[in-house]
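Each reported figure results from applying straightforward, stated rules to the coordinates on display, with no laboratory input. Bear in mind that the values here come from a model prediction, so they are computed numbers and not experimental data. In this analysis, Cβ positions are derived from the backbone assuming ideal geometry, glycine residues included, and neighbour counts consider all displayed protein chains.
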Amino acid sequence: MADATGVLVIGQTSAGALDSTAAELLAAGRLVAASLGEELSIALLGDAVDAPAQQAIAHGADKVYSVTNPLLSEYQADLYLAALDSLCREANPRVVLMARTNDGRELAPRLAFRLGVGLAQDCLEVSIDEASKTLLANRPVYGGNAIAVVSCEHTPQIAAIRPKAYEPTEMDQSRQGQVVSFPVDLDASQARTRVVETVREESEGVKLEDARVVVSGGRGLGGPEPFSGLEDLAKLLGGAVGASRAAVDSGWVPSSYQVGLTGKSITPDLYITVAISGASQHMAGCSGAKCIVAINKDADANIFKDARYGVVGDWETVIPALTEAVRELMD
Ligand code: FAD
C-alpha cells in the first residue's frame, strides 16, 4: 500500500484489561516507531475497550483504535479478521506487530493473505533497516539452531512476535494519547465457526509463562505420578510445573504444560529440568531462562551444554533430596 506510515500493534485484552502480550508488543513497537520516526498505534477489538485503551497509552501507544462491535465481545477468527482487514486498509500502517499467541497464530497468516503481503512468523526481535525503512525480523530456524533475518517487501510489513520476547515498558500514567473510535460493520453470518462453550482451565498458583521458577519433567520420569513430586518442589519455590513434548504426548500432563518450539516460551529466573534430554525444540522455548539446572542420569545428555548447574543422577534419588533441602531452607 502506498504512503504507508506508522507502526500498528494488534492488542489483545482479557477480563477488561490490556493483555501482557499487548504491553510486550508496545515495547517492541516503541523501538520500531522510534527508528522510523513515526507514530505507534494499537488496535483494541471488543465491545468496550476504554480501560485497556488508557493502559495502552500508559505503555507507550500514541493512538488507540477502538475497534468496536457487539459481535467482537468474544474472540471469533472470521469476525476479528474482517475487522482487522478494514482497519489496516483505513489506517495504512507501514508495520503491523501481532503476538504469536494461539489467536495470533490463527489471525496473522490470514490477515497477511487478505492484504496480499508477507509475514514474518515467530519473531524474537524486530528492528528497522534505517536506509530502506524495512522491518528486519529475527526468527529461529532449524529447530532453534540458527536465526534467520527476514524482511518483507510489501507494506504493511507484518511480524508475529513470540510472547515474552520483549519486556513491557513501565506504565507512565501521565502519557497522553488519542483514542480513535473505529466502529466496524459486521454480520454474524460472516462467522463460519461458533464458540459453543468456553471452559477456563483451573490452575492453582502461578501461570507457567509468568513463573520466576519452573520445574519441568520429561520422558525419563516414566509416567504421570512423578509429576506430583515436581509439583511439590515447584510449590516450595513459588513456581510452576512444565514438561517436554514427550511427556505431553504420552498423556502424562496437559498440553498447556509443554515448553518448547511448539509449546510455551518461558523466561524464568530458574529453570529446573528433570529427565529431559535437551532437544533443540525443547530448548527453543527456554533459551530465555536466566539459570538452567539439569537433572539427568546421562552425563552426555545435550541439556548439560545449556545448563549452568548439572546433576548427573537418577531423579528418584535427586528430587526427594532436593525437595527436602529446599524445605529445610524455607523453614
Ligand atoms: P527424551 O529425549 O527421551 O529424554 C529423556 C531423558 O531422560 C534422557 O536424557 C535420559 O537420559 C533421561 N532419563 C531417563 N531416566 C532417567 C532417570 N531415572 N533419572 C534422570 N534422567 C533420566 N519437544 C519439546 O519438549 N517441546 C516442543 O515444543 C517440541 N516441539 C517439537 C517440534 C517439532 C517440529 C519436532 C520435530 C519435535 C519437537 N519436540 C519438542 C520433540 C523433541 O525433539 C524431543 O523429542 C523431546 O523434547 C524429547 O523429550 P524428553 O527430553 O522428555 O525425552
If I model a spin label at Ala148 and Glu74 as a point 7 Å from the Cα along the Cα→Cβ vector, what separation in nanometres do I get? 3.7 nm
Mind checking which of Phe182, Gly6, Gly205 is farthest towards the positive end of the chain's charge dipole, using Cβ charges of +1 (Lys, Arg) and -1 (Asp, Glu) about the Cα centre? Gly6
Compare the peptides 90-97, 49-56 by average per-residue count of other Cβ atoms within 10 angstrom and give them in order, highest first. 90-97, 49-56
Explain nothing, just the number: relative contact order of the range 15-152, from Cα pairs under 8 Å at least 6 residues apart, as a whole percent. 19 percent
With charges only on Cβ, +1 for K and R and -1 for D and E, what is the dipole size of the range 1-66 about its Cα centre, in debye, rounded to 20? 100 debye
Sorting Met171, Ala159, Thr134 by the position of each Cα along the dipole of the range 89-179 (Lys, Arg +1; Asp, Glu -1; all at Cβ), the one nearest the positive end of that ordering is Ala159
How long is the gain from Ser250 to Glu202 if the chain were fully straight, where each residue apart is worth 0.36 nm and the alpha carbon distance is subtracted? 15.1 nm
Can you tell me the convex hull volume per residue for the range 108-196, based on C-alpha atoms, in Å³ to the nearest whole number? 221 Å³
Report the far tail of the P(r) of the range 178-331, meaning the percent of Cα-Cα pairs longer than 18 Å. 60 percent
How big is the charge dipole of the range 259-315 about its Cα centre, in debye rounded to the nearest 20, if each Lys and Arg gets +1 on its Cβ and each Asp and Glu gets -1 on its Cβ? 160 debye
Check: the chain dipole with +1 on Lys, Arg Cβ and -1 on Asp, Glu Cβ, in debye: 620 debye
Need the list of aspartates and glutamates near Lys290 for cross-linking: C-alpha distance under 12 angstrom, and skip anything on the same chain fewer than eight residues off. Asp269, Asp306
Using alpha carbons only, how many angstrom separate the centre of the range 224-281 from the centre of the range 54-121? 32 Å
Sort 223-230, 40-47 by packing, meaning the average of other beta carbons within 10 Å per residue, with the highest value first. 40-47, 223-230
So, by mean Cβ neighbours within 10 angstrom, what's the order for 164-174, 76-86 with the highest one leading? 76-86, 164-174
Does the chain come out rounded, prolate or oblate, given a ≥ b ≥ c as the square roots of the eigenvalues of its C-alpha gyration tensor, rounded meaning a/c under 1.5 and, failing that, prolate meaning a/b above b/c? prolate
Given Tyr257, Thr273, Thr193, which one lies farthest toward the positive end of the charge dipole of the range 143-284, if we put +1 on the Cβ of every Lys and Arg and -1 on the Cβ of every Asp and Glu? Thr273
